[in-house]
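Let me begin by presenting the structure, written as structure tokens, before commenting on it.
The values are calculated or read from the model by the stated rules, or taken from the named source; none is laboratory data. Keep in mind the model is a prediction, meaning the values are calculated, not measured. Cβ sites come from the backbone with ideal geometry, for glycine too, and all protein chains shown count toward neighbours. All accessible areas refer to the heavy atoms of the entire protein, side chains included, with ligands and DNA or RNA removed. Shrake-Rupley method; radii C 1.70, N 1.55, O 1.52, S 1.80 Å.
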Amino acid sequence: MAHYGEKKVAVTGVGMSDISRNATKTPMALTIDACMQAIEDAGLKRSDIDGLSSYPGADNNASGFSPIGAPQLQDALRLKVNWFSGGGEVPGQLGAVFNAIGAIAAGYCRHVLVFRTVYEASARKMSKQANALFDGGRAHGQLMNFAPYWAMTASVQQALYFQRFAHDYGLKPETTGRIAINNRRNASLNPAAIYRKPITLDDYFASEIIATPLRLFDCDVPCDGSVAVVLSHIDAARDCRNPILRVEAVGSAQKVRYSWDQISGEALARQATISSSAMMWERTDLKPSDVDIAQLYDGFTYHTAAWLSSAGFCKPGEENDFVGDGSRIALEGDLPINTGGGQLSLGRMHAYGQLHEAATQLWRRGGDRQVQKDLTVSINTTAGGPLSGCMMLVRE
Amino acid sequence: MEPTAPPRPLPALNDDNQAFWTGGSEGKLMIDRCGDCRAYVHPPTPFCPACESRNVAAEAVSGRGRITTFTINHKQWMPGLPVPYVLALVEIDEDPTVRIPTNIVGIAPEKVAIDMPVEVLFEQVEEVFVPLFRPVEG
Ligand SMILES: [Zn+2]
């Protein structure tokens, strides 16, 4: 298996700005905080960074979805790079990481800085209609199929998939509730998280219905913040400060229709999670039972539930039993999930908060929320729309 | 004063999708279909993924289908938006892989269900005839 390029790549440093609902700094200042922290964490200097990658590229509007792109950051930090990339047409939110892995494996770069910056909380305070998907006028591209039906937000569209998943696999609201409760409990132990007050099943059931079956507590939290990760060639990583976190496998396969409305069959409930997961497992000798912790995407709680079976931790339809009373997915359980609070409670850092958390746990810097058992293998997954992606890290 | 309901945001029309979005002017739901192998192609695209033919053109279908999935939206995403409303994906009777995002009308939202038979109707906004669906009578 050693010929797979991602195995030559390691996570060497991570950084995170303040994550909040009301930033006191500009998006650029937050981005610089995260990026400089990640570079320093790796034991590197700005001049060591020879690649730059970001998701989803600057959108240059007031939505706050992506206020800073690779060009702005490259210039701000005066980086001299061999390669850079920023864009949203990638296999899920971690696509910028997959691109960076490819660039390192191809030999373009040795140390790639990857970042994700959001400013959605502040943007919404300035305009109630700040919308990442639609800014008025006529709708173009795939959005046009939904626009006439007042379905311009991810919540309403994803509720369609959530409904179908619940219909096909019998997913119970108690199960998605337990996922939300687990994330909040983990967030209560994470000083960086936005929402830290523990919640109960009663709180979950009392939370506002957004779009059936989606409740407010099923939804992640728009926020302001930035996360950065340094990826390095494994040879260069050995000279860095932290223990090696090698990329064991990547799953980027999109073998279902890339359409919010035309996916059918199993994919209507599960989107591309099946094909991306299959690719990840094909590229490693490890098995789901080898995974010590999982950061499973939680843009909405049902994503996490779907990923439990898509990643192979249980069979489809067994998500209710797997989650049970929540003890198995808790910090003390067999498979601790979303150990930093996830997007539901830490804030919607679009998979990058959870990548930061995976490294934090594997490096045993988790403080009060540190998983106590030995940790070697971690997976991160993404979802949303028809897309997904996943990756596995192994601490050497 | 009560805010008025916002107009439906409209798609940008072009030669590929014109028939789908304006077929309602004649009461017809127009779906692209391959002239060679007769496969349906949606969204409208001048290529048949089944046989690679470019001989694809819109044809009227029955306008009947089933609800594949749906959500009852309760959140007022913009001022004046009438809630609750039902967003659904409808699969057409002729080909269940052809999915049409739509609003389900003419029924109390809480009575909508997966697999419910529905039929098309149209709401004109400017030059666009937006396909909506309602339960099949009887
Ligand atoms: Zn054909």
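Just checking, how many residues over segment B:35-90 are more than 10 Å from chain A (Cβ to nearest Cβ) and within 16 Å of the ligand (Cβ to nearest atom)?
Qualifying residue count for the region: 22.
Test residue A:207 against the stated conditions and say whether it is open to solvent by less than 50 Å² (accessible area, probe 1.4 Å), in contact with a helix residue (DSSP H, G or I) (Cβ under 7 Å, 6 or more places away or on another chain) and not charged (D, E, K, R).
Here the answer is yes, as residue A:207 does meet what is asked.
Test residue B:114 against the criterion of being more than 16 Å from the ligand (Cβ to nearest atom), within 13 Å of chain A (Cβ to nearest Cβ) and either open to solvent by less than 20 Å² (accessible area, probe 1.4 Å) or touching a Leu at 6+ places or on another chain (Cβ under 8 Å) (or both), and give yes or no.
In short, no.
Within segment A:354-372, can one find any residue that is assigned to a helix (DSSP H, G or I) and touching a Lys or Arg at 6+ places or on another chain (Cβ under 7 Å)?
Yes, because at least one residue in segment A:354-372 is assigned to a helix (DSSP H, G or I) and touching a Lys or Arg at 6+ places or on another chain (Cβ under 7 Å).
Does residue A:80 count as outside the structural domain of residue A:280 (by TED's automatic domain parsing), part of a loop (DSSP other than H, G, I, E, B), of a type in the set (Lys, Arg) and surrounded by fewer than 16 Cβ atoms within 10 Å (Cβ to Cβ)?
yes
Out of the residues in segment B:1-34 meeting the condition of being acidic (Asp, Glu) and closer than 23 Å to residue A:140 by Cα, tell me which one is farthest from the ligand (Cβ to nearest atom).
Only one residue tops the list, namely B:15.
Being assigned by TED's automatic domain parsing to the domain that holds residue A:233, outside any loop (DSSP other than H, G, I, E, B) and not aromatic (Phe, Trp, Tyr) narrows it down to one of A:38, A:58, A:62, A:23, so name that one.
None of the other options fit; the residue is A:38.
Condition check ((1) within 17 Å of the chain's Cα centre (by Cα); (2) free of Cβ contacts under 8 Å to residues at least 60 places away in the same chain; (3) within 30 Å of residue A:144 (Cβ to Cβ)) across all residues:
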{"residue": "A:156", "(1), (2), (3)": "no, yes, yes"}
{"residue": "A:161", "(1), (2), (3)": "no, no, yes"}
{"residue": "A:227", "(1), (2), (3)": "yes, no, no"}
{"residue": "A:231", "(1), (2), (3)": "yes, no, no"}
{"residue": "A:249", "(1), (2), (3)": "yes, no, no"}
{"residue": "A:263", "(1), (2), (3)": "no, no, yes"}
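Take segment A:200-216 and flag every residue that is within 14 Å of another protein chain (Cβ to nearest Cβ) and either of a type in the set (Gly, Ala, Ser) or not in a loop (DSSP other than H, G, I, E, B) (or both).
Passing the criteria: A:207, A:209, A:210, A:211, A:214, A:215, A:216.
Check A:159, A:166 and return the single one that is touching a strand residue (DSSP E or B) at 6+ places or on another chain (Cβ under 8 Å), of a type in the set (Gly, Ala, Ser) and in the same structural domain as residue A:211 (by TED's automatic domain parsing).
Going through A:159, A:166 in turn, just one is touching a strand residue (DSSP E or B) at 6+ places or on another chain (Cβ under 8 Å), of a type in the set (Gly, Ala, Ser) and in the same structural domain as residue A:211 (by TED's automatic domain parsing): A:159.
Could you check residue A:140 against (1) farther than 30 Å from residue A:279 by Cα; (2) in contact (Cβ under 8 Å) with a residue 24 or more places away in the chain and say which number it fails?
Residue A:140 satisfies every listed condition except (2).
Got at least one residue in segment B:41-52 being surrounded by 15 or more Cβ atoms within 10 Å (Cβ to Cβ) and either modelled with pLDDT under 95 or farther than 24 Å from residue B:8 by Cα (or both)?
So far as segment B:41-52 goes, yes, one or more of its residues are surrounded by 15 or more Cβ atoms within 10 Å (Cβ to Cβ) and either modelled with pLDDT under 95 or farther than 24 Å from residue B:8 by Cα (or both).
Considering segment A:140-151 alone, what residues qualify as being facing chain B (nearest Cβ under 7 Å) and open to solvent by 10 Å² or more (accessible area, probe 1.4 Å)?
Passing the criteria: A:140, A:144, A:145, A:150.
How do the pairs read when you match residues in segment A:87-115 that are polar (S, T, N, Q) with residues anywhere that are part of a loop (DSSP other than H, G, I, E, B), using Cβ under 6 Å and keeping only pairs 6 or more apart or on different chains?
Listed by first residue and then by second, the contacts come to A:93/A:55; A:93/A:350; A:93/A:351.
Looking only at residues that are assigned to a helix (DSSP H, G or I) and either open to solvent by 40 Å² or more (accessible area, probe 1.4 Å) or hydroxyl-bearing (Ser, Thr, Tyr) (or both) in segment B:1-34, which one is farthest from the other protein chains (Cβ to nearest Cβ)?
B:26
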